[in-house]
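Everything on this sheet refers to the single structure shown next.
Every read-out reported here was derived from the displayed coordinates using simple, explicitly stated rules and does not represent laboratory data. Nothing here was measured: the structure is a model prediction, and the numbers come from that model. In this analysis, Cβ positions are derived from the backbone assuming ideal geometry, glycine residues included, and neighbour counts consider all displayed protein chains.
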Amino acid sequence: MRFRCVCKSWDSSITTPYFISTHLNNNNNNSYNKNHDNGYVIHMSNHYNRPVCTVALDRTFDRISEVQYPFDFTPGRAHVFGSCNGLLLCLADFGKVIYLWNPSIKKFKKLPGTCLGKLEKFTDLTVGFAYHSENNDYKVVRISCSIFLPTESLPLPDVEVYTLSLDSWRRVGYNLTTNVKFINYCRFLPIPLVSGALHWMVRIIEGEEENRIIALAFDVNSEKFKKLALPHGFIEADTLHRYLASFKEKLSFITCEPIEQPGVPCQYSIWVMKEYGIVESWNKLFVIPFERKVQCLAFTEYGSLVVGHKYDPEERQQEQFKFVLVDIETPHEKKDPDIQCPSSVATFMESLVLLDGPNVASY
């Protein structure tokens, strides 16, 4: 960033799409090198008196900095909801207001309003963020669903896609005849991007498969939906929570089950789809017992699991919130970066994405 000030030719070279994408590819290649620490975990505090984000290394969980988010969000109502190539997706007002933010280069951009007209009060919104590899572009997918009323039939979801290069939203048709209800056990868990598709967990609400839980995939290139089955060994009645996530670039399914064992209230099972789209390739890789009730928040680039839980440090009935990085293979718990309030969490890396473009602001 400092080299941009040397001369006009350097500035022109650094801001080209080729330079930005080459810089990103180099960072991606180094992210698997143990001698490089290019991955970070960012926590956006949900506390009303703390409009800052804490940044920690995702390999060691050591805190390295605090940054104040630059946009006009009411503290406690802003959430980081995933990342892609160094860009953070930040939401407010339950997804009606959206920002893209690159804290590495201190740039951000507020997205325009919906193209669907006024979003109704009784509307549930879910938002995904993805890299469009064919066009070297970025897309935000927002799905609007009417809140189900027992006396009314549920309409099909409304889908709109924002494209960064066009700086605009457009409506996309919901191509399936199967109507679904989106399941969200953790409102701020990022929507996983795997094999060029965003994935939501849904429940079928009509027809022969009514009440069946599946994964709904949205292909970022074709902009079409398709259904994916969950593991055959998964039994809904035996689970407390269930999530979809990205684990080392593969689609994963996480379930939380209660177990009758003293001092161990629950355990998490992690399934991974080894061959994308092949239902038979679902494989349960890990089972992790926890001595307390925890909530899964994110996987790091190296496959460690970020979880959060409440605790009372001096048993004075004054609960605080704590984050732990879990090595799922050992499972060894690494120290938290001294964050003691609920936060939304995402992993990210340094990049030059959003360096220039329409309506991009600096701070």
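Spherically averaged projected area of the convex hull of Cα atoms, segment 206-272: 6.2 nm². The lysines within cross-link reach of LYS110, meaning a Cα-to-Cα straight distance under 23 Å and a gap of 8 or more places when in the same chain, are LYS96, LYS118, LYS121, LYS139.
Given a Förster distance of 35 Å, report the FRET efficiency between VAL67 and ILE183 from their Cβ-Cβ distance, rounded to the nearest 0.05. Result of the calculation: an efficiency of 0.60. Tell me which lysines have Cα within less than 26 Å of LYS322's Cα, excluding those fewer than 8 residues away on the same chain? Leaving aside lysines fewer than 8 places away in the same chain, those within reach of LYS322 are LYS248, LYS293, LYS310, LYS334, LYS335.
For a Förster distance of 45 Å, can you work out the FRET efficiency between the beta-carbons of LYS8 and GLU291, rounded to the nearest 0.05? That pair, LYS8 with GLU291, gives E of 0.15.
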